[in-house]
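The values are calculated or read from the model by the stated rules, or taken from the named source; none is laboratory data. Everything numeric in this text was worked out from a predicted model, so none of it was measured. Virtual Cβ from ideal backbone geometry, glycine too; neighbours counted across all protein chains shown.
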Amino acid sequence: MSSEPDRPADERAPISWDALAAELEATRQEAEARGDADPAAWDAVAAELAARVSERPAEEVAVPPVPVEDDVAPAPQVEPLPEPESEPAPVDEPLELLDPDELRGGLEALLFVMDDPVDEETLAGALRCPVDQVRTGLAELAESYDARSAGITLRRVGEGWRLYTREEHADVVERFLVDGQRSRLTQAALETLAVIAYRQPVTRARVSAIRGVGVDGVMRTLLSRGLVHEVGTDPDSGGGLYGTTPLFLERLGLTSLDDLPELAPLLPETAAVLDEHPDS
């Protein structure tokens with residue numbers, strides 16, 4: 001049996017029980033082969049091994065040493081990603097001051113087409129000039145109307161400005177509107193109104209074709225009088241369809257369109273038409 005040299009307990013190699021058993025078995029077989037296998041000797045060897053094993057500390061699992069701070073490799077330096085360059089904010093084009101006459105004309109044109117009061121910012125955006133200039137121009141325009149007693153006046157209503165007729169001329173406007181409504185319709189207007197009444201809903205082009213003349217001016221008169229109005233759109237041509245209004249029935253003393261007289265008795269005889277128009 002090989003002997004292990006004396007070493008400190010913590011430097012001895014760990015015991016391999018399989019290797020030790022194999023070595024003891026080989027030693028026993030050699031002793032038996034030589035004929036000197038003494039049981040007492042084997043008991044002494046076993047006792048010595050048991051004493052040595054009891055003196056060795058238990059095997060410990062090797063734990064890798066914890067590196068100290070100086071042994072730790074420095075972490076690689078990661079350069080921060082460059083921040084994306086922010087696009088510069090769009091710079092508004094500088095607003096230019098308008099010529100006084102240009103400002104006055106622009107304000108009057110815009111106010112004329114506006115149906116509702118319009119604020120100063122909207123006017124400045126349309127004219128592309130500073131709001132302060134628009135505010136000053138509106139005040140000067142209103143003063144000029146008042147100074148010459150113009151038929152219109154410019155007034156601030158809420159947050160906007162709007163043109164109005166001057167109160168001193170209210171009787172003129174009222175007389176025009178009332179007398180205009182009471183004036184008699186022309187022959188052309190009556191004929192156009194009759195075509196619309198009997199053929200409604202009908203387009204303006206169809207009325208012109210039936211009458212053989214343009215009816216744009218007459219239609220504007222009938223619309224302004226409130227005798228006809230637009231009732232829809234023709235699906236084929238896309239033109240507006242027109243019909244009569246309740247005011248039309250009221251003026252004629254009718255309850256409904258069914259009360260309109262029949263056209264047949266009112267039409268001339270065919271022979272009379274041929275006599276007047278032999279080429280037709």
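For Val157, are the conditions met, namely being of a type in the set (Val, Ile, Thr), closer than 29 Å to Glu108 by Cα and loosely packed, with under 12 Cβ neighbours inside 10 Å?
yes
Being touching a Phe, Trp or Tyr at 6+ places or on another chain (Cβ under 7 Å) and at pLDDT below 95 is true for just one of Pro94, Pro130, Pro117, Pro76. Which residue is that?
Pro117
Note down all Cβ pairs under 7 Å where the first residue falls in segment 187-200 and is among the small types (Gly, Ala, Ser) and at pLDDT below 90, the second is loosely packed, with under 14 Cβ neighbours inside 10 Å and not in a helix (DSSP H, G or I), and they're at least six residues apart or on different chains.
Partner pairs satisfying both residue conditions: none exist.
Quick one: count up the residues across segment 132-154 that are surrounded by 15 or more Cβ atoms within 10 Å (Cβ to Cβ), hydrophobic (A, V, I, L, M, F, W, C) and over 13 Å from Pro100 (Cα atoms).
2
How many of the residues in segment 204-220 are touching a helix residue (DSSP H, G or I) at 6+ places or on another chain (Cβ under 9 Å) and either of a type in the set (Lys, Arg) or surrounded by 19 or more Cβ atoms within 10 Å (Cβ to Cβ) (or both)?
Residues that pass the stated criteria total 7.
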